[in-house]
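Enquirer: To start, I am sharing the structure in question, which I have written as structure tokens.
The values are calculated or read from the model by the stated rules, or taken from the named source; none is laboratory data. Since we're looking at a predicted model, the values are computed, not measured. A quick note on method: Cβ atoms are made from the backbone with ideal geometry, for glycine too, and the neighbour counts reach across all protein chains shown. With ligands, DNA and RNA removed, areas are computed over all heavy atoms of the protein, side chains included. Shrake-Rupley method; radii C 1.70, N 1.55, O 1.52, S 1.80 Å.
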Amino acid sequence: MGETSRMTIRTLARATVSLAALSLLGAGVARAQSAQPAATDNGSTVDTIIVTAQKREQRLQDVPIVVTVAGAQLLRDTGVHDIKDLTVLTPGLLVTSTSSEASTTARIRGIGTVGDNPGLESSVGVVIDGVYRPRNGVGFGDLGDLARVEVLKGPQGTLFGKNTSAGVINIVTAAPSFKFGANGEATFGNFGEFGYSGSVTGPIAADKLAGSVFFANRERNGFSDVDVGKGPRTSREDFNRSFWTVRGQLYATPTAEFDARLIGDYSHRKEQCCVGEQIYNGPTAPLIAAFASPDPGLRNPPNPYDRLAFANRSSAQEITDGGVSLEMNYKVPQLNGAKLTSITAVRDWEFKQGQDSDFTTADIFYRPDNGQQGTQFQQFSQELRLSGTYGKLDYTVGGFYANELLKQKTALFFGTDYRGYVAQLFSAATKLPPATFAGLLAPSAPGLGQLDVYKQTDETFALFTNDTYHVTDKLELTVGLRYTNDDKSLTARYSNTDNGATCGAVNNPASPFYGFGGTLCQSLASFNPRFDGVKNDRSRSETATTGTVKLAYRYSPEYLGYLSYSRGYKSGGFNLDRVVQRTSTGYDPVLDTSFKGEFVDSYEVGLKTTLLDRKLSLNGAIFHQEFTNFQLNAFNGLYFTVLSVPTVTSTGFDADLLYRPFRGLSIQSGLTYANTRYTYDDARVLGPKCGPIAYGSTIPQTCSLLPGSRVSLAPLWSGSFSATYERPIGEGLVGRANLGVKYNSDYITGSDLNPVKKQKAYSVVDGRVGVGPENGRWSVELWTQNLFDTHYYQVAYDAPFQAGSYDAFLGQPRTYGVTLRAKY
């Protein structure tokens, strides 16, 4: 897909939104006076919840899968706008962001993929209205009006395809209604937060065509203050919010057998994000301080929760996301009403980013915010499936095709202090005066450094079937199978815009300091002059057969027990970063950066119960998951190394509870225990990638720590609790309150398992109280997130080029505000 295709996708998205809006304006207003809002039945029984975890509508209590589901009202009560907000409702789900909002990663039962390297695909799939998003960060954004969100735990590759080896976040937005309705909200909060959204839906052509339009705009000041030092950065805040999004839909039902749903959406974000706060300053801190005056801010121990970051370069980011999808369903009369479903989608997502890459006010190196650093995904996907019933057999058969174009631009330029700082490092290592080296290093100049371009195409084709045979009225057997072919091709172009001169004379074999300085320059891949002008073309092809076998037995209307086996798959790929390897002549570029596909075998025993006159559901499952060729994306402070870890296992249990004891009270909670560990016993099996590959590299230490250790970002215990209570308070008014709690036990946040990066056990508490009339026409709500201002790391990492120093991306501080809602 080129620039023309990109413009076409965005034009289609905008056209769909505009068409839906114009149609509604022309047809919906005339029907407004007769419309009445639908009532929410808080006293409904728990066994009426419908999910599509197996791509057909089923009651939650009939599905032999661990599923946490949140409906529209609960999502509003808990303030869910994006996938990160879902963590408060889902035990065992952890969502983190690092160097940008685009680097958002979801983990289930301790399994996920570090999101900063786009060459690695996701372990947890994000599916929105039946359309797969290629990376978690691509699916991060305001989700709009929602019908429900389903979090499926364990491998889901049979029906949802590759890159769902840990689970799926299945998001279903609200479809257009044939009854006119309009909703609006405005939110005001601390940190200068202001946001508003609105939606309108209704019939366009009697009972044949309906439409809806949703729009939202959200603004907020930054969570962190920034000391900009000597600049050139001017923004003195970070982690702010500034984006808008629009979604339009058309829903057609021309006949009783056929319906179609056309969706177009477009979003735009332009923010400052994300700087890291210092958590420990090591022996290089005095060297940094020499260039970061007047106040380097390098205190020991630092207090990261002062939320004062140090960055003299811009962290501006810009994200645009748009797409169009068309879902068509036809009930085939000749096949006893079997449903033929087609979902066609095109999407275009682009991310541009600036970064102060040393995270200090010393000007060592940076990524420019002028478009030279960024990522773009363009995607076409087509799914065709047939679902029906033949006698005792419920069947689903289908095919899937996707064509994805990934473009990555990697820029790392040297700042004005680079030469002086490196001279100080050389001096500290050799005990010679810094002036000895300053004259040998080339002077820094704007635009000098690393400038690489990657272009990767990924073509995927799959055939699948998932069939349930009802052996008796109580016993059913489900067998699923999927065959996937994945072809990737990579074109990489490496460039050193300084023509290899940045390391200066120390890189000359005739220099007396070549043995130290030249080797150092080569070992740091970003500086290595041997990359300059290198062209690298690679391709890889992979096939995988995955599937599932489930045996479910309904003991009675109240009890369903099941056994299941599932095999999942996460495709291999290419590390989109520079990699070097030590040879007899120094450090040479590694051109084959491919890594293997990851597989998982999962075993599960579960029980679903519906008790207390259908007011209580209590579901539990014991699981054991074995991963082979686990893809570990290790960061050493400058670049990523992908390690294929032989084996990882995750063993534990999930428990979920939903209790509606009487009208007005609903309690939803869950608990997950997941012991997720590297289970091989010899670090040498990882091969040469675990050698001393770079100055200050943590990779050798990482390899030695992995065997037998718990995986990073994998809490042993995770629990969630949400309670909503509603009751009349007089004068025709109703009060409504929600309390949510999420707990995680301790875990290490860095993939190198360095104990400095450990996060202690913590809980986050959210709350909301509101009042409005019984007819739901309006409401006023007071809310808070992270009520007790709990301090926690999202991810801690090595401070780049500062051996022994560490920074962290922090969790959100306490926020609070008021939301006004109106409904018609």
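Enquirer: Residues of segment 233-249 being crowded, with 23+ Cβ neighbours inside 10 Å and over 21 Å from the mean Cα position of the chain (by Cα), which ones?
Expert: Result: ARG233, GLY248, GLN249.
Enquirer: Within segment 214-232, is even one residue under 23 Å from the mean Cα position of the chain (by Cα), closer than 24 Å to ALA72 by Cα, of a type in the set (Gly, Ala, Ser) and open to solvent by 20 Å² or more (accessible area, probe 1.4 Å)?
Expert: no
Enquirer: In segment 137-160, which residue that is in contact with a helix residue (DSSP H, G or I) (Cβ under 7 Å, 6 or more places away or on another chain) and not in a strand (DSSP E or B) is modelled with the lowest pLDDT?
Expert: Taking the candidates together, the pick is GLY139.
Enquirer: Look at ASN117 and say whether it is open to solvent by less than 20 Å² (accessible area, probe 1.4 Å) and either assigned to a strand (DSSP E or B) or closer than 30 Å to GLU459 by Cβ (or both).
Expert: yes
Enquirer: May I ask you to list the residues in segment 436-476 that are at pLDDT below 75 and either surrounded by fewer than 16 Cβ atoms within 10 Å (Cβ to Cβ) or closer than 18 Å to ASN496 by Cα (or both)?
Expert: Going through segment 436-476, the residues at pLDDT below 75 turn out to be 436-446.
The answer is THR436, GLY439, LEU441, ALA442, PRO443, SER444, ALA445, PRO446.
Enquirer: Ok, one more. Return the residues of segment 635-659 that are over 19 Å from SER165 (Cβ atoms), open to solvent by less than 10 Å² (accessible area, probe 1.4 Å) and touching a helix residue (DSSP H, G or I) at 6+ places or on another chain (Cβ under 6 Å); say none if nothing qualifies.
Expert: The one that is over 19 Å from SER165 (Cβ atoms), open to solvent by less than 10 Å² (accessible area, probe 1.4 Å) and touching a helix residue (DSSP H, G or I) at 6+ places or on another chain (Cβ under 6 Å): THR641.
Enquirer: While we're on this one: Of all residues being open to solvent by 10 Å² or more (accessible area, probe 1.4 Å) and either of a type outside the set (Ser, Thr, Tyr) or within 23 Å of VAL579 (Cβ to Cβ) (or both) in segment 671-682, which is modelled with the lowest pLDDT? Just the residue, please.
Expert: ASP682
Enquirer: Contact list please: Cβ distance under 8 Å, first residue in segment 309-325 and within 30 Å of ARG299 (Cβ to Cβ) and open to solvent by 20 Å² or more (accessible area, probe 1.4 Å), second residue among the charged types (D, E, K, R) and in a loop (DSSP other than H, G, I, E, B), pairs at least six apart or on different chains.
Expert: Qualifying pairs under 8 Å: ARG313/ARG233; ARG313/ASP363; SER314/ARG233; SER314/ASP369; ALA316/ASP369.
Enquirer: Examine segment 266-280 for a residue that is closer than 20 Å to TYR418 by Cβ, within 24 Å of the chain's Cα centre (by Cα) and not polar (S, T, N, Q), and state whether such a residue exists.
Expert: yes
Enquirer: Considering every residue within segment 715-736, establish whether at least one is without any contact (Cβ under 8 Å) to a residue 12 or more places away in the chain and either surrounded by 15 or more Cβ atoms within 10 Å (Cβ to Cβ) or assigned to a strand (DSSP E or B) (or both).
Expert: Within segment 715-736, one or more residues are without any contact (Cβ under 8 Å) to a residue 12 or more places away in the chain and either surrounded by 15 or more Cβ atoms within 10 Å (Cβ to Cβ) or assigned to a strand (DSSP E or B) (or both).
Enquirer: Any residue that is touching a residue at least 40 places away in the same chain (Cβ under 8 Å), more than 24 Å from PRO302 (Cβ to Cβ) and touching a strand residue (DSSP E or B) at 6+ places or on another chain (Cβ under 6 Å) - is there at least one of those in segment 742-764?
Expert: yes
Enquirer: Being part of a loop (DSSP other than H, G, I, E, B), under 30 Å from THR344 (Cα atoms), touching a residue at least 24 places away in the same chain (Cβ under 8 Å) and not basic (Lys, Arg): is that true of PRO254 here?
Expert: yes
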